[in-house]
1. Tell me the residue from B:SER63, B:SER47 that is exposed (fewer than 11 other Cβ atoms within 10 Å of the Cβ), within 14 Å of chain A (Cβ to nearest Cβ) and not aliphatic (A, V, I, L, M), please.
2. Say whether the condition of being at pLDDT below 90, surrounded by fewer than 14 Cβ atoms within 10 Å (Cβ to Cβ) and more than 20 Å from A:TYR370 (Cβ to Cβ) is met by at least one residue in the range A:177-185.
3. Which one of B:LYS81, B:LYS39, B:LYS99 is open to solvent by 100 Å² or more (accessible area, probe 1.4 Å), farther than 30 Å from A:ASP55 by Cα, within 14 Å of chain A (Cβ to nearest Cβ) and assigned to a helix (DSSP H, G or I)?
4. Tell me which residues, restricted to the range A:240-272, are open to solvent by 10 Å² or more (accessible area, probe 1.4 Å), aliphatic (A, V, I, L, M) and touching a residue at least 40 places away in the same chain (Cβ under 8 Å).
5. Tell me, yes or no, whether the range A:151-164 has at least one residue that is within 14 Å of another protein chain (Cβ to nearest Cβ), in a strand (DSSP E or B), touching a Lys or Arg at 6+ places or on another chain (Cβ under 9 Å) and modelled with pLDDT of 75 or more.
6. Do we have any residue at all in the range A:273-294 that's within 14 Å of chain B (Cβ to nearest Cβ) and either assigned to a helix (DSSP H, G or I) or crowded, with 19+ Cβ neighbours inside 10 Å (or both)?
7. For A:ALA341, state whether it is more than 32 Å from the chain's Cα centre (by Cα) and in a helix (DSSP H, G or I).
Amino acid sequence: MGHKNTFKNMFKAALTAAAFFLLLFANTGLRANHAEHCENPDVKPSNEVMHHITDNHNWHIASFPVGKCESGETEYFHLEIPLPWLIYNSEKGIQFFMSSAAHENGYEIAEGELYLLGQAPEEEANHGGPEVLEAIEEAAEEHAGVEVEPHGPTILDFSLTRTSFQMILIGLVLLLIFMAVAKGYKKNEDHAPKGIQSFMEPIVMFVRDDIARVYLGKKADKYTPYLLTLFFFIWFSNLLGLTPFNSNIAGSTSVTIALALITFILILANSTKDFWLHIFWFPGVPVPIKFLMMIVEMIGLIVKPTALAIRLFANITAGHFMVLSLISLIFILGKNGAVPAAGWGTAPVAVAFTTAIFALEMIVAIIQAYVFALLTAVFIGQAMETHDHDHDDHH
Amino acid sequence: MEVIMPKLGLFVWALVIFLIFFFLLKKFAWKPILEALKKREEGIENSLQEAQKARDEMQNLKSENEKILREARAEREVILKEAREMKESMINEARTEAKEEADRIMAQTRDEIQSEKMRAITEIKNQVGMLSLQIAEKLLRKELADKDQKQAVVDQMIDDLHLN
């Protein structure tokens, strides 16, 4: 009993510490970023949408106009939570600092990419992007085989970005919720489930009975924990992504590819001889078809996890795009305050549509989690399957 | 393109974070939850089976009771039948006996009556004989007052004796 309480207290202390650090960092963020930016107050919808959808190197909450700069632009106060950056620089080695100290360490962010300070392409230069890129590619071809490093040292960016940081938050939330549920089973042993336990139990049982047990046969119980993690992680991430200030975690290909990669590894780890036989020498068809099937099946093997990654990413990103585009419509039609009537007129329509899309996204959030977990189970189940080769004899 | 292109850093972090939380959740949440669910399901399964067993036992007991009841009823039936038969036979026996007794008594009575009758008849005969003798005596006395008549009577009597 005492042991359990000690653990609980430690967990609570850790959470408190995490929350405290978050606030502390937020505070430094406020100071570090104060009065740093002078910007044109006009909303540029494409920039805003991209800023919301893509990953960021800090956690931007809101910006407030606080005054006028000398250049005539508006001075903004950015409320941001700085995140830890971890960078491998081939010249300076491994560097670790908070995003609020980026400039002091000689780095800057442009268009979501990390650059050495002063090397980020200017916005104007960016418009001529394709030509610059072509020039670099031509140069690379001329130096065939030689690494072209137009920016000096090799930089590998392993910063804990907004998305990865929020993944940790989701993980902690899941731990908190399901440890409470697990505790409920210990406390209410031989009693009906109560509170959060009774809310989560049918969902847990749904994943176990209607996903794992249907498709995974004997190994169902072994993979149920993984499928549960997958399902709840994606679901909660998607829900978090629908709230203000937060990342669309599953709307990032980096994340969905990582999840699909685990599925792919599990497919390979569970594949039987029979599975590979069906890929490389399809039974029961003439030899020329066997070669054709080999190509088809090999593509299929790769396409399965790829489709998983793209489906999740595309669904979540599309939802965010729609919401942000509808909101941006107000500023586009209102010409950034030049035609206020059009802006105000658009607003109710945009808000109504956004509400509808939000409702849809709430459903999509759980459907995509279900689909990802379901297909993972289906693919692993297919790989484990052994067929009866009766059909061989008929040809 | 920026939206679609995966980034190495985020990819690595996503993989690491997901796997770490998977193992933590597995150890501290899924395992106890799934075990508790399994245990409860087994408990329910067991209770259901036990209930079925109890029901079967009850059924058995009931059918056994019914069998015993049926047997008892059959036995009663048999006993009653036997009793009825015995009663019948007893009555019949008694009746025959009584009849025989009555017959015997009747026969005896008849015999007695017969013998009494015979005796009475004999008596009457004797009486009649005595009376006849007395009458005859008186008559003779009267008749034999003279000699001739005495002779005639003796003759007559001798004749009669002959005739007898």
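The values are calculated or read from the model by the stated rules, or taken from the named source; none is laboratory data. This structure is a prediction, so every number in the text was calculated from the model and none was measured. Cβ coordinates were reconstructed from backbone atoms using ideal geometry, including for glycine residues, and neighbour counts include every protein chain displayed. These accessible areas exclude ligands, DNA and RNA; they are computed on the full protein's heavy atoms, side chains included. Shrake-Rupley method; radii C 1.70, N 1.55, O 1.52, S 1.80 Å.
1. B:SER47
2. No, the conditions are met nowhere in the range A:177-185.
3. It is B:LYS39.
4. A:LEU240, A:LEU242, A:ILE257, A:LEU261, A:LEU266, A:LEU268
5. Yes, the range A:151-164 has at least one match.
6. Checking the range A:273-294: not a single residue is within 14 Å of chain B (Cβ to nearest Cβ) and either assigned to a helix (DSSP H, G or I) or crowded, with 19+ Cβ neighbours inside 10 Å (or both).
7. For A:ALA341, the condition - more than 32 Å from the chain's Cα centre (by Cα) and in a helix (DSSP H, G or I) - is met.
Condition check ((1) outside any helix (DSSP H, G or I); (2) open to solvent by 70 Å² or more (accessible area, probe 1.4 Å); (3) at pLDDT 80 or above) across all residues:
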site: A:ALA140; (1), (2), (3): no, no, no
site: A:VAL146; (1), (2), (3): yes, yes, no
site: A:MET167; (1), (2), (3): no, no, yes
site: A:ARG213; (1), (2), (3): no, yes, yes
site: A:LEU216; (1), (2), (3): no, no, yes
